[in-house]
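Enquirer: So that we are looking at the same thing, I have put the structure below in structure tokens.
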Amino acid sequence: MSIIDPPLAAGTARRLDQVGRGLLALLALSTVYAFIDGCRLVAAAGDDRLWVEFWRTTAYLVFAGLFAMLAVAPRTRWGVWELVFAQKLAVTVFGLANFGVNEARRDATTDLFLVIVMAISYVLCRGWYTWRSPAAVPEQR
């Protein structure tokens with residue numbers, strides 16, 4: 001099994017796959033930016049916020065890595081799409097249900113954007129191919 005998932009066959013499918021991968025790469029880069037901003041928040045946090053800011057900031061690196069993995073190989077990572085999508089959707093729903101809470105507005109809006117871009121990328125990259133057996137989808141070289 002290859003670490004890098006080759007683009008789909010030539011034509012429209014290939015171009016759509018590349019657009020989807022580009023969107024995932026942008027998500028990875030924007031999440032790295034969120035990590036950098038999070039470092040600033042950790043440095044400025046008081047004792048009552050230090051742990052939660054650190055926890056949130058390090059989670060940005062995890063999600064940046066997951067988005068990068070999907071951008072590089074969108075059809076070879078069983079369950080990664082669904083795991084990331086489920087977490088982001090859960091945070092969005094919880095944030096919208098608690099929209100009056102100080103940070104919920106910003107975070108729910110941000111995660112809603114991530115859910116939408118991920119759903120678009122899932123379709124463009126044909127993320128459901130992840131669940132096909134290797135015998136059904138031979139490795140392309």
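Throughout, read-outs are computed from the coordinates displayed, never taken from laboratory work. Predicted, not measured: the structure shown is a model, and the values here were computed from it. Methodologically, a virtual Cβ is constructed for each residue, glycine included, from the backbone with ideal geometry; neighbour enumeration extends over all protein chains shown.
Enquirer: Toward the positive end of the charge dipole of the chain, about the Cα centre and with charges on Cβ (Lys, Arg +1; Asp, Glu -1), which of Ala43, Ile120, Leu61 goes farthest?
Expert: The residue sitting most towards the positive pole is Ile120.
Enquirer: For the chain, what does -39500 (n - 2.57) per DSSP helix run (n ≥ 4), summed and divided by total residues, give at 222 nm, in deg cm²/dmol to the nearest 500? List each step's numbers first, then the result.
Expert: Working: 4 runs with 95 residues, N = 141.
About -23500 deg cm²/dmol.
Enquirer: Let me ask another. Given a cut-off of under 8 Å on Cα pairs at least six residues apart, what relative contact order in percent is computed for the chain? Show your work: numbers first, answer last.
Expert: Working: 141 pairs, mean separation 46.0, N = 141.
Computed over the chain, the figure is 33 percent.
Enquirer: Rounded to the nearest 10 degrees, what's the angle between the helix 104-124 long axis and the longest principal axis of the chain, both from Cα atoms, 0 to 90?
Expert: 0
Enquirer: Treating the Cα atoms of the chain as identical point scatterers in vacuum, please give the log10 of the normalised Debye intensity I(q)/I(0) at q = 0.21 Å⁻¹, two decimals.
Expert: -1.26
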